[in-house]
């Protein structure tokens, strides 16, 4: 009897220890660019080790990531559409928004450049030329931050593309898939530079048309692409608020910002993202 009780007690202790050590799950809704570029794969394991956590990355467009936050289906969101981020917080869906990093948008297109836009410094002028030439343009069409920026550039250009036209292709796809489509059919598209660089080895038919070879050469301030982190309001549902706050603090810390600042440099000669947290700016 004593042996049985001792075995039962030992089993209970082991089970409790295993339960205590099980990683806490953090649901991170984010853009396809942070995932397709490889950035999250490169840095998130550090957070997981520090906090005994398992980060479940839900890589969708910014619009879908925000919707997941609004529904309480994500603990924290990492997105890139500032006006929508501010509206998300103002509506009470998020606790606060914190600057994380930035990169820039560029227009890429077929190396033959049928719309003759390569070297045009202002993106909206390049978009107007694409529309005038009716050269094929691949739109993400997915309510993402990139799609929102594309629509604003068309508006500035005074163009309203017809989704039923032959030259305008609305795909409803992420950035990587859209770039692959553009490469296959010889289309122009708007992309963040980080995703383009990370996939450029497989995009031989495309070249940068507007935005230059680095962010320093990008003359169009409208193409700046900032990212923010927002913990979801815990009243939205079953939100891991403590871990979400820890993640926001971690990704904006000097140590993580340093990792962001060097990611991609060895491979592409430039970072894919540039750190922009308050801690980084104040260092």
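Bear in mind these aren't lab numbers, they're just calculated from the coordinates by the rules spelled out. All figures in this text were calculated on a predicted structure; none of them were measured in a lab. When we count neighbours, we look across all protein chains shown, and the Cβ atoms used for this are built from the backbone with ideal geometry, even at glycine.
A few points about this structure:
- Stokes-Einstein translational diffusion, region 42-82 - Kirkwood Rh over all Cα pairs, 0.890 mPa s, 25 °C, in µm²/s: 216
- Ranked by the mean number of other Cβ atoms within 10 Å of their residues, highest first, the peptides 144-150, 45-51 come out as 144-150, 45-51.
- Short-range pairs are left out: with C-alpha atoms under 8 Å and at least six residues apart, the relative contact order of region 207-283 is 19 percent.
- Percent of alpha-carbon pairs separated by more than 31 Å within the chain: 33
- When the convex hull of its Cα atoms is projected in every direction, mean area for region 138-209 (nm²): 4.7
- Shown here is the pair-distance distribution of region 19-152: with all Cα-Cα distances grouped in 10 Å bins from zero up to the longest one, the shares run 11, 33, 29, 17, 8, 2, 0 percent.
- Packing-based exposure ordering (other Cβ within 10 Å, fewest first) of 88, 181: 181, 88
- Overall form of region 103-223 per C-alpha gyration tensor (a/c, 1.5; a/b vs b/c): rounded
- Packing-based exposure ordering (other Cβ within 10 Å, fewest first) of 25, 100, 159: 25, 159, 100
- Residue exposure sequence - 261, 83 - by fewest surrounding Cβ within 10 Å: 83, 261
- Here region 50-83 and region 98-162 have alpha carbon centers that stand 26 Å from each other.
- Average Cα contact separation per residue, the chain, under 8 Å, 6 or more apart, as relative contact order %: 26
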